[in-house]
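Q: One structure is given below, represented as structure tokens, and several questions about it will come after.
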Amino acid sequence: MTEKKTSEAQRRATKKWEENNPERKRYLRYRSNARTFVRHWATQEDFEELEEIFKDNIKKR
């Protein structure tokens, strides 16, 4: 059996934080997914579409 790098106490603390902060956890997951997509898989067409979304969003603020 392989040894885990994270202590049992740390795993419990992480689980508790995730249970107490579901919206923050979701936000961080979505942000990470978006960044990964843009860095590794986005095409020129994707960039153009995202640019339009950003421009529209900035106008609304």
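What follows is calculated from the coordinates using simple rules that are stated; it is not laboratory data. Given the structure is predicted, the values throughout are model-derived calculations rather than measurements. So basically every Cβ, Gly included, is an ideal-geometry build from the backbone, and we count neighbours across all protein chains shown.
Q: Please state which one of 61, 26, 11 is basic (Lys, Arg) and surrounded by fewer than 10 Cβ atoms within 10 Å (Cβ to Cβ). Spell out how you get there, then give the answer.
A: Details: 26 fails: surrounded by fewer than 10 Cβ atoms within 10 Å (Cβ to Cβ); 11 fails: surrounded by fewer than 10 Cβ atoms within 10 Å (Cβ to Cβ).
Only one candidate qualifies: 61.
Residue-by-condition table, conditions (1) assigned to a helix (DSSP H, G or I); (2) under 19 Å from the mean Cα position of the chain (by Cα):
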position: 3; (1), (2): no, no
position: 15; (1), (2): yes, yes
position: 18; (1), (2): yes, yes
position: 24; (1), (2): yes, yes
position: 27; (1), (2): yes, yes
position: 30; (1), (2): yes, yes
position: 34; (1), (2): yes, yes
position: 42; (1), (2): no, yes
position: 58; (1), (2): yes, no
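Q: Take residue 51 and tell me if it is part of a helix (DSSP H, G or I) and more than 18 Å from the chain's Cα centre (by Cα).
A: Working: part of a helix (DSSP H, G or I): yes; more than 18 Å from the chain's Cα centre (by Cα): yes.
Answer is yes for this residue.
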